[in-house]
1. Quick check: net charge around G92, other residues with Cβ under 10 Å of its Cβ, Lys/Arg +1 and Asp/Glu -1?
2. How many percent of the accessible area of the chain is carbon or sulfur, using a 1.4 Å probe?
3. What nm value, rounded to one decimal, do you get for the distance between H244 and N189 when each label is placed 7 Å out toward the C-beta?
4. When the dipole is taken about the Cα centre of region 127-220, and only Lys, Arg (+1) and Asp, Glu (-1) are charged at their Cβ, what size is it in debye, to the nearest 20?
5. Give the value in nm², to one decimal: projected area of the alpha carbon convex hull of the chain, averaged over all directions.
6. Say we join alpha carbon atoms closer than 10 Å with springs in a Gaussian network model of the chain; which of D162, D35, D96 then has the biggest fluctuation?
7. By a straight-distance test (C-alpha under 28 Å), which lysines pair with K15 as possible cross-link partners, with residues fewer than eight away in the same chain excluded?
8. Note down the Stokes-Einstein diffusion coefficient of region 143-254 in µm²/s, whole number, using a Kirkwood radius over alpha carbon pairs, 20 °C, and 1.002 mPa s.
Amino acid sequence: MGAKRRVSHDCGSGKVLLVENKTEGYAAWCHRCSDKGFWPHPAPTLAERLERLSRASQVEAAATMTLALPQPMNLDPSTWPLEARVWLYKAGLSNDKIKELGVYYWGAAHRVVMPVYDDQGLVYWQARGFERGRPKYVNPPIDKARLMARFGTDGPIVLTEDILSAVRVGGVARGWAVLGTSLSIPQINMLVGAGPVLIWMDPDGPGRKASGRMLRALRQIGIPCATINTDKDPKLHTYEQISHALQEGSGRCA
Ligand SMILES: [Zn+2]
């Protein structure tokens, strides 16, 4: 799945026909005569679907026992199933940005893997799935209360819930994902002396509650901070909107 191969075509000599095994079927296109074709994969039977699910669960169980990045990696977003790409495109990530971040498609589990690095190297990864009946995220056995996924180098620190929001905010400031809705003691320690902190959680109940809790915790130890409340996740805003929200939030930092 996802593989491409060049084979010969009956229009002449040489390997001119590109055949690609896509999610929905085999697609072919001839570079010489522009002939093309599509051969859909048969719809899987119930038994086949169950078999595939069980194989994927086994692969996942093995991969989530270590920090090592799950293999094999498909680093070319243009060959991924559409839903895997669209999820990242919605958060404003281009194919180039996806490659730059080292985000890849893990076909064996039908998941997109987001690696998290710090100065020392790989510290965490998160694999987002798209199939009903399976966990939305799987990750390695790392205590995520002891880390934050950090992106960007300048500007105020902005705490977000998830990695994609931190990536987006990291384009104009320092986006630090707390990987959930609670701020642990080790995470608070990372913020001490690092400058003003803006708290920008998702606009749902847990996000709003988390914002208030974090604000109180940080104020209590004297870190200048403010919350940013918007009607969409940070990752769903344009850079211009993000800059504007950060400017406005920084003005309220106390
Ligand atoms: Zn041809």
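The values are calculated or read from the model by the stated rules, or taken from the named source; none is laboratory data. Note that the structure is predicted; figures quoted are calculated from it, not measured. Heads up, the Cβs are rebuilt from the backbone with ideal geometry, glycines too, and the neighbour counts pull from every protein chain shown. Just so you know, the surface numbers come from the protein's heavy atoms only, side chains and all, with ligands and any DNA or RNA stripped out. Shrake-Rupley method; radii C 1.70, N 1.55, O 1.52, S 1.80 Å.
1. Values: positive: K90, K97, R168, K235; negative: none.
Local charge sum for G92: +4.
2. 55 percent
3. Once both label points are built, they end up 4.0 nm from each other.
4. On the way: 14 positive and 7 negative charges, 39 e Å.
It comes to approximately 180 debye.
5. Working: hull surface 66.6 nm².
Mean projected area for the chain: 16.6 nm², to one decimal.
6. Maximum among the listed residues: D35.
7. Correct list for K15: K4, K36.
8. Details: Rh = 13.4 Å.
Here the translational diffusion coefficient equals 160 µm²/s.
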